[in-house]
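The values are calculated or read from the model by the stated rules, or taken from the named source; none is laboratory data. None of the values given here were measured: they were computed from a predicted structure. Here Cβ is always computed from backbone atoms with ideal geometry, including for glycine, and neighbour counts include all displayed protein chains. These area figures cover heavy atoms from the full protein model, side chains too; ligands, DNA and RNA do not enter into them. Shrake-Rupley method; radii C 1.70, N 1.55, O 1.52, S 1.80 Å.
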Amino acid sequence: MSSQRNTLVMTAHVRLMMLMLMIAAGVLVIILRLTWLAAFSAPATSPDAVSALVPLRGDIVDRNGAPLARTIDAWSIGIHPNKVISDRRELAAKLANLIPEHDEAWYFDVLTSGKNFAYLAKRAMPETVSRVNALGEPAVAFAREPERLYPQSTLAAHALGFLDYDGRGMSGMERVLDEQLTNPALRGQPVPLSIDTRIQAAMESELGAAMLSFKARGAAGVLLDVHTGEVLSMVSLPVFNPNHVKGSTEDQLRNNVTQSVYELGSTFKPITMAAAIDSGVVTSMARRFDATQPIKVGRFTIHDDRGDEQERWLDIPETLIYSSNIATARIADELGAEREKAMFRRLGFDTRPDVELREKGRPIWPAYWARTTTMTTAYGHGIAVTPLHLANAYAALVNGGIWRPTTMLKIAPGKAPAGRRVISQATSDRMRQLLRLIVLEGTGKKAEAAGYRVGGKTGTAEVAGKGGYERHTNVSTFAAAFPMDAPRYVVVAMLDSPIGNAQSYGLTTAAWTVAPVVGRVITRVGPMLGVMPDEQLDVDVSELMPLLWRPQGREVKDTR
């Protein structure tokens with residue numbers, strides 16, 4: 001008995017030893033394998049490993065590095081309808097409860113479609129995936145897929161654009177940068193745009209509030225660096241959400257800043273004046289032009305919407321301050337068609353706007369340049385351009401006379417394009433004075449932003465329709481620059497077909513509807529741009545002030 005027990009104990013000891021040896025051998029194999037991998041395999045930071053971690057499409061950021069578009073790893077939920085084993089009606093009800101983007105009927109149609117596969121949701125949250133998985137339906141499939149995300153939602157939507165279902169850029173900078181963003185050698189580096197999200201948000205906020213208040217059909221706004229051509233803000237309203245493009249209307253997808261062309265009215269008057277000064281047609285600010293009576297040229301009549309106090313001879317500052325069509329037309333008549341056309345062409349008014357975006361409208365350029373055409377285009381009637389054209393032109397008016405192409409990409413310091421001269425430095429200096437006077441004394445008073453030395457010009461033009469001009473519907477625009485003693489930025493804001501309200505005393509003109517928008521935008525963004533308000537600084541207009549005639553006993557009110 002004792003011998004048998006000893007035999008069993010010895011057998012157990014042998015088996016235990018064999019088991020321990022097997023475990024030790026397994027551990028040794030693992031250690032050797034790890035040692036080999038550490039010694040001979042490629043490091044985790046090898047190009048292949050890194051490329052596997054890089055998103056399929058590169059990121060887009062604003063000029064300060066804030067994310068505007070990025071590719072994320074998101075969950076998708078799909079189903080194989082032909083493999084469903086649950087009750088389809090019951091399953092549809094449960095899916096509608098868990099994924100409320102669609103109703104029960106939609107899910108039932110998918111489940112009974114007989115397809116091999118159909119998506120139920122994209123960009124699903126992890127908790128949604130868990131709940132759907134808990135249903136226990138084996139036909140449901142889950143996958144992690146790259147998705148393009150626009151974290152700022154609708155902010156700068158037209159500047160960014162969107163992708164199609166295959167992940168290709170369809171509009172905006174997504175389309176422009178498509179090759180660069182998808183190039184494996186380049187996509188690891190985010191592409192910085194010229195857009196500043198802070199400036200963009202401020203302009204969208206102010207323009208959106210004005211569009212709502214005046215029940216306007218649309219709106220556009222742009223803020224431009226006058227020395228580099230960089231677009232720091234581009235606003236087009238109504239807007240779309242690039243995260244959910246499906247269902248967006250044509251009006252929402254259209255970029256009013258670069259695609260839509262408008263007759264921008266009296267904002268053209270400073271451009272005409274600059275051409276007249278630069279060409280030597282106007283050599284003295286004291287020279288006066290007859291605005292006592294409307295001008296009749298053939299079957300056309302050019303008139304002013306002014307009171308009796310402006311039915312007189314107007315000098316150069318007064319012509320712009322009171323926004324006289326008559327005086328401007330007379331100046332243009334002396335300037336002549338060829339010199340006027342040459343100025344407009346130097347500013348690019350005969351071609352699509354010079355910017356990277358593919359969504360660009362062609363200006364409406366007069367087919368025949370008669371004498372009346374020369375007169376009317378001088379104050380923005382009969383020629384249509386985009387708001388970006390206008391912003392670029394005003395940048396040249398105030399930056400010393402240099403026209404530069406606009407850009408949606410951030411420009412490194414000292415790398416701005418050379419551009420081309422369109423007016424002399426002396427003419428540009430004079431235009432700074434005149435534009436400042438318009439805000440101090442004329443139609444642009446409501447655009448004044450205390451301490452920011454704003455200069456600019458209003459423009460109110462009737463909307464051109466199929467049957468002619470709509471006399472009671474207009475496009476209201478204000479083009480401005482600041483600070484006028486050393487201009488750095490241009491701001492253009494426009495409302496399409498605003499309706500007067502109590503705030504504007506029922507008026508729809510630019511002085512009452514959109515000029516205040518520009519003033520508020522400048523007040524908000526000035527410090528962000530490094531322009532601090534200073535009541536002690538200003539452009540010197542002292543030599544022009546004595547030229548202004550003031551009616552005794554009453555204040556002149558301007559509404560254009």
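For the structure I just gave you, tell me whether Pro353 is within 29 Å of the chain's Cα centre (by Cα) and open to solvent by 10 Å² or more (accessible area, probe 1.4 Å). Steps first, answer last, please.
Details: within 29 Å of the chain's Cα centre (by Cα): yes; open to solvent by 10 Å² or more (accessible area, probe 1.4 Å): no.
In short, no.
The residues in segment 182-203 that are at pLDDT below 95 and touching an Asp or Glu at 6+ places or on another chain (Cβ under 8 Å) can be counted, and the count is 1. Hey, any hits in segment 248-262 for a residue that's open to solvent by less than 10 Å² (accessible area, probe 1.4 Å) and in contact with a Pro (Cβ under 7 Å, 6 or more places away or on another chain)? Taking every residue of segment 248-262 in turn, at least one turns out to be open to solvent by less than 10 Å² (accessible area, probe 1.4 Å) and in contact with a Pro (Cβ under 7 Å, 6 or more places away or on another chain). Suppose we keep only residues that are in a strand (DSSP E or B) and at pLDDT 95 or above within segment 48-77. Which one would you say is farthest from Gly114 (Cα to Cα)? The qualifying residue farthest from Gly114 (Cα to Cα) is Val61. Just one of the numbered conditions (1) touching a residue at least 60 places away in the same chain (Cβ under 8 Å); (2) more than 30 Å from His158 (Cβ to Cβ); (3) β-branched (Val, Ile, Thr); (4) surrounded by fewer than 24 Cβ atoms within 10 Å (Cβ to Cβ) is not true of Ile321: (4).
If only residues of segment 116-136 that are modelled with pLDDT under 90 and either farther than 23 Å from Glu147 by Cα or charged (D, E, K, R) (or both) are counted, the one that is farthest from the chain's Cα centre (by Cα) is Glu127. Among the residues of segment 488-507, is there at least one that is in a helix (DSSP H, G or I) and open to solvent by less than 30 Å² (accessible area, probe 1.4 Å)? Yes - at least one qualifying residue is present in segment 488-507. Residues in segment 449-487 that are assigned to a strand (DSSP E or B), among the acidic types (Asp, Glu) and in contact (Cβ under 8 Å) with a residue 40 or more places away in the chain: Glu462 alone.
Before we move on, is Ile331 under 25 Å from Val235 (Cα atoms) and touching a strand residue (DSSP E or B) at 6+ places or on another chain (Cβ under 9 Å)?
On the way: under 25 Å from Val235 (Cα atoms): no; touching a strand residue (DSSP E or B) at 6+ places or on another chain (Cβ under 9 Å): yes.
Judged against the criteria, Ile331 is not a match.
Within the set Asp305, Asp278, the sole residue that is assigned to a helix (DSSP H, G or I) and open to solvent by 40 Å² or more (accessible area, probe 1.4 Å) turns out to be Asp278.
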